[in-house]
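Q: I have a structure here, written as structure tokens, and I will follow up with some questions on it.
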2 protein chains.
Amino acid sequence: MSESLSVTDRTRVRRKPARGSHDRAVVHAILDEALVCHVAFASEHGPVVLPTTFVRVDDQIYIHGSPANHLLRAVGANVEACVAVTLVDALVLARTAFHHSMNYRSVVLFGRGATVEAHDIKARVLAALIEKLEPGRSAACRLPNPTELSATLVIAFPIAEASAKIRTGPPIADTPEDALLPHWSGIVPLRVVRGEPIAG
Amino acid sequence: MSESLSVTDRTRVRRKPARGSHDRAVVHAILDEALVCHVAFASEHGPVVLPTTFVRVDDQIYIHGSPANHLLRAVGANVEACVAVTLVDALVLARTAFHHSMNYRSVVLFGRGATVEAHDIKARVLAALIEKLEPGRSAACRLPNPTELSATLVIAFPIAEASAKIRTGPPIADTPEDALLPHWSGIVPLRVVRGEPIAG
């Protein structure tokens, strides 16, 4: 049986708790499929959220970029941050506008980022990210040299205070009358596909 | 010529400013293509970011949900929030791990949410959202009745303090040596496709 993350006040799923999960394997699977996360932090001008790519390795997620990157500098300073990862699986078209929805899988993670200094960990994390983009790719490019590793800021977030939320299945109808409305209802699956590679 | 949004300290694109845009038409096009936004706000426990669907109508974006929704209650109270919208267009596979990247189009918007009370505006916004999911759909379902409009909290954010950031094109190589490495380089286009609708 898969292990459960402990639930805190921040990760208890309050709205539609039946859609929530704290199962570590469920959280990991969503993190492993998504290419982009959105990281929120408090700035002197109010909350900021920015997108960035990321990779999970064991029980951490890692983001990276230039040492001049505003987001990385902000969240690498051991301050509270929040990271959201969202996959959209389908449009849910109900007979009533009110019950239109989406099928999705999302993770929200709270924690403090920590700057990764060790070159061996940075190298491992960056190779894992390349592998996530394209399996086998880390053996099909020149890996980072020490100068490049020094020029890459890597921030780790623990996957500790995290929850998943998932909607699946068909639309719902509140009343027998709505269920009999003469409109089509169902779902339209969405998926991300890779096109033909373009050399250049 | 397209109009430019005014630039503030929060929306000046500091990193790689050549990728930035404050062109209103560019910002609107990204907002109109994306199905999901990520909204950040300050909570008593620190920053929070949550995903939700949204629609642009004129110079506002609108999010909606149950009056019990934590996100909506938090950002509807005229507090500072930040909204990010991200489209991933391609994987960028360089000859060096260091220059792997993604082609993307993103918008970051700062502002204060305002609760929309008027039923006619709520109805118009919710119909626009349904149309965004599937053109023609607002005429192919039962539109919200007054009870449903009352049971839907709608929050507006102005598209005023906003910027877009865009990466396009092939990978880059820093040095003549890297450009001669024997690895494939190029981009792998990504796109979201709709599968066959599933009735239910």
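Every number here is computed from the coordinates shown, using simple stated rules; none is lab data. The structure presented is a predicted model; accordingly, all values stated were derived computationally and were not measured. All Cβ positions, even for glycine, are placed from backbone atoms using ideal geometry, and neighbour counts span all protein chains on display.
Q: List the pairs whose first member sits in the range A:145-160 and is without any contact (Cβ under 8 Å) to a residue 40 or more places away in the chain, whose second member is surrounded by fewer than 18 Cβ atoms within 10 Å (Cβ to Cβ), and whose Cβ atoms are under 9 Å apart, counting only residues at least 6 apart or on separate chains?
A: A:146/A:119; A:149/A:119; A:150/A:67; A:150/A:119
Q: Can you pull out the strands (runs of 3 or more DSSP E) entirely within the range A:49-97 that have at least 3 residues that are over 25 Å from residue A:131 (Cα atoms)?
A: Details: elements: A:55-57, A:60-65, A:77-93.
Of the strands (runs of 3 or more DSSP E) lying wholly inside the range A:49-97, those with at least 3 residues that are over 25 Å from residue A:131 (Cα atoms) span A:77-93.
Q: Write out, first by first residue and then by second, each pair whose Cβ atoms fall under 9 Å of each other, whose residues are 6+ apart or on separate chains, and whose first residue, in the range A:35-46, is facing chain B (nearest Cβ under 7 Å) and under 19 Å from residue A:63 (Cα atoms) while the second is surrounded by 17 or more Cβ atoms within 10 Å (Cβ to Cβ) and of a type in the set (Phe, Trp, Tyr).
A: A:35/A:54; A:36/A:54; A:36/B:104; A:40/B:41
Q: Just give me the residues in the range A:8-30 being of a type in the set (A, V, I, L, M, F, W, C) and within 14 Å of chain B (Cβ to nearest Cβ), in sequence order.
A: Of everything in the range A:8-30, those that are of a type in the set (A, V, I, L, M, F, W, C) and within 14 Å of chain B (Cβ to nearest Cβ) turn out to be A:13, A:30.
Q: Sticking with this structure for a sec: Inside the range A:2-60, can you point out the residues that are among the charged types (D, E, K, R), within 30 Å of residue B:90 (Cα to Cα) and buried (at least 18 other Cβ atoms within 10 Å of the Cβ)? Steps first, answer last, please.
A: Applying the first criterion (among the charged types (D, E, K, R)) to the range A:2-60 yields A:3, A:9-10, A:12, A:14-16, A:19, A:23-24, A:32-33, A:44, A:56, A:58-59.
Applying the additional criterion that residues be within 30 Å of residue B:90 (Cα to Cα) yields A:24, A:32-33, A:56, A:58-59.
Matches in the range A:2-60: A:56 only.
Q: For residues that are in a helix (DSSP H, G or I) and more than 28 Å from residue A:99 (Cβ to Cβ), tally how many sit in the range B:98-121.
A: 2
Q: Taking only pairs six or more apart or across chains, which ones have beta-carbon atoms under 6 Å, a first residue in the range A:187-200 that is more than 16 Å from residue A:91 (Cβ to Cβ), and a second residue that is not in a strand (DSSP E or B)?
A: Listed by first residue and then by second, the contacts come to A:200/B:170.
Q: Could you look through the range B:61-75, keep only residues that are at the interface with chain A (Cβ under 10 Å from one of its Cβ atoms) and under 16 Å from residue B:109 (Cβ atoms), and pick out the one that is surrounded by the most Cβ atoms within 10 Å (Cβ to Cβ)?
A: The residue in question is B:75.
Q: Given the structure, is residue B:126 under 21 Å from residue B:53 (Cα atoms), facing chain A (nearest Cβ under 7 Å) and either crowded, with 19+ Cβ neighbours inside 10 Å or touching a Pro at 6+ places or on another chain (Cβ under 7 Å) (or both)?
A: yes
Q: Let me ask you something else. Look at residue A:78 and say whether it is out of contact with any Ser or Thr (no Cβ under 7 Å at 6 or more places or on another chain), surrounded by fewer than 18 Cβ atoms within 10 Å (Cβ to Cβ) and of a type outside the set (Val, Ile, Thr).
A: yes
Q: Among B:81, B:128, which is within 15 Å of the chain's Cα centre (by Cα) and in contact (Cβ under 8 Å) with a residue 24 or more places away in the chain?
A: B:81
Q: So, in the range A:161-177, how many residues would count as being in contact (Cβ under 8 Å) with a residue 60 or more places away in the chain, within 17 Å of residue A:100 (Cα to Cα) and more than 7 Å from chain B (Cβ to nearest Cβ)?
A: Qualifying residue count for the region: 8.
Q: Name the pairs whose Cβ atoms lie under 6 Å apart, with the first residue in the range B:92-113 and closer than 26 Å to residue B:34 by Cβ and more than 7 Å from every other protein chain (Cβ to nearest Cβ), the second surrounded by 24 or more Cβ atoms within 10 Å (Cβ to Cβ) and aromatic (Phe, Trp, Tyr), and 6 or more positions between them or separate chains?
A: Close Cβ pairs (under 6 Å, with a partner that is surrounded by 24 or more Cβ atoms within 10 Å (Cβ to Cβ) and aromatic (Phe, Trp, Tyr)) amount to B:111/B:157; B:113/B:157.
Q: Separate question: Would you confirm, using the coordinates I've provided, whether residue A:121 is within 7 Å of chain B (Cβ to nearest Cβ) and closer than 26 Å to residue A:159 by Cα?
A: no
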